[in-house]
Amino acid sequence: MSDQRLRTNSAVTPFVLDIRSLGRRAGSMAQVHRTVSVDRSIGLDLIAIPSDSDIDLDLRLEAVAEGVLVTGTVSGDTAGQCARCLEPLGGTVNVFLTELFAYPDSVTDQTTDADDIHRISDDQVDLEQAVIDAVGLDLPMVPLCRDDCRGLCPDCGVRLDTADPDHHHEKLDPRWAALRDLATDGESTTTDTGPDTPR
């Protein structure tokens, strides 16, 4: 069993690895320890690893009977905004990959739908989609600056966590709006007619 270093084909994508040194010898292995940078964000709408950020790869690639098994961790710093108050927030995502890349013409390749497994192409494995999927599943769909964030005032948009404790807006039940308008109209038409006219 050999332990080798694999190269990244950065001309294609930083996640493409050349696996020719592994051959198709079951049990041969290689380690990948590197930092890559991507030109687009990876994650969700409200939180993601930003574009041009560093992503750390710490992976092991092992040749098995049906392909190459990739295991290890992918990590990077995240940036986004709170889903309630829209304040900026950041953190770190650290995901574990376990992905099989099937050899061309292997039984797995011939019997598995195209979308159900990754495949080796031109003696290369492309980790990009596996990384995108893993990071997307690990990040929260509703990121919060803290669990009890009160969000924004629906009337004026001020952040409630920093607003005055008695912050509120007086609201009139719309069912009473017509009576309020009648009262306002009555006040505007009332005039001072002076002393009563004798009968």
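Please work out which residue is nearest to residue 21 (Cα to Cα), limiting yourself to the stretch 49-82 and to residues that are assigned to a strand (DSSP E or B) and small (Gly, Ala, Ser). So, considering only residues that are assigned to a strand (DSSP E or B) and small (Gly, Ala, Ser), the one nearest to residue 21 (Cα to Cα) is 63. Considering the stretch 7-54, and only residues there that are more than 17 Å from residue 127 (Cα to Cα) and more than 24 Å from the chain's Cα centre (by Cα), the residue that is modelled with the highest pLDDT turns out to be 28. When the stretch 119-158 is filtered for residues that are in a helix (DSSP H, G or I) and in contact with an Asp or Glu (Cβ under 6 Å, 6 or more places away or on another chain), only 130 remains. Anything in the stretch 84-93 that is free of Cβ contacts under 8 Å to residues at least 40 places away in the same chain and either in contact with a helix residue (DSSP H, G or I) (Cβ under 9 Å, 6 or more places away or on another chain) or open to solvent by 70 Å² or more (accessible area, probe 1.4 Å) (or both)? List them, or say none. Across the stretch 84-93, the qualifying residues are 88, 92.
Filtered by the rule that a residue be of a type outside the set (A, V, I, L, M, F, W, C) and crowded, with 20+ Cβ neighbours inside 10 Å, the stretch 44-83 gives 67, 76, 78, 80. Within the stretch 21-32, residues that are open to solvent by 20 Å² or more (accessible area, probe 1.4 Å) have Cβ atoms under 8 Å from residues that are among the aromatic types (Phe, Trp, Tyr) and part of a loop (DSSP other than H, G, I, E, B) in these pairs: 24/103, counting only partners at least 6 apart in sequence or on another chain. Might you let me know whether the stretch 83-93 holds any residue that is within 23 Å of residue 18 (Cβ to Cβ), polar (S, T, N, Q) and not in a helix (DSSP H, G or I)? For the stretch 83-93, residues within 23 Å of residue 18 (Cβ to Cβ), polar (S, T, N, Q) and not in a helix (DSSP H, G or I): absent. Against the numbered list (1) closer than 30 Å to residue 69 by Cα; (2) at pLDDT below 70; (3) part of a loop (DSSP other than H, G, I, E, B), residue 196 comes up short only at (1). Every condition in (1) surrounded by 14 or more Cβ atoms within 10 Å (Cβ to Cβ); (2) modelled with pLDDT of 85 or more; (3) within 25 Å of the chain's Cα centre (by Cα) is met by residue 152 except one, and the failing one is (2).
The values are calculated or read from the model by the stated rules, or taken from the named source; none is laboratory data. Here the structure is a predicted model, which means the values were calculated and not measured. Neighbour counts run over all protein chains shown; Cβ positions are idealised from the backbone, glycine included. Surface accessibility is based on the protein's heavy atoms, side chains included, excluding ligands, DNA and RNA. Shrake-Rupley method; radii C 1.70, N 1.55, O 1.52, S 1.80 Å.
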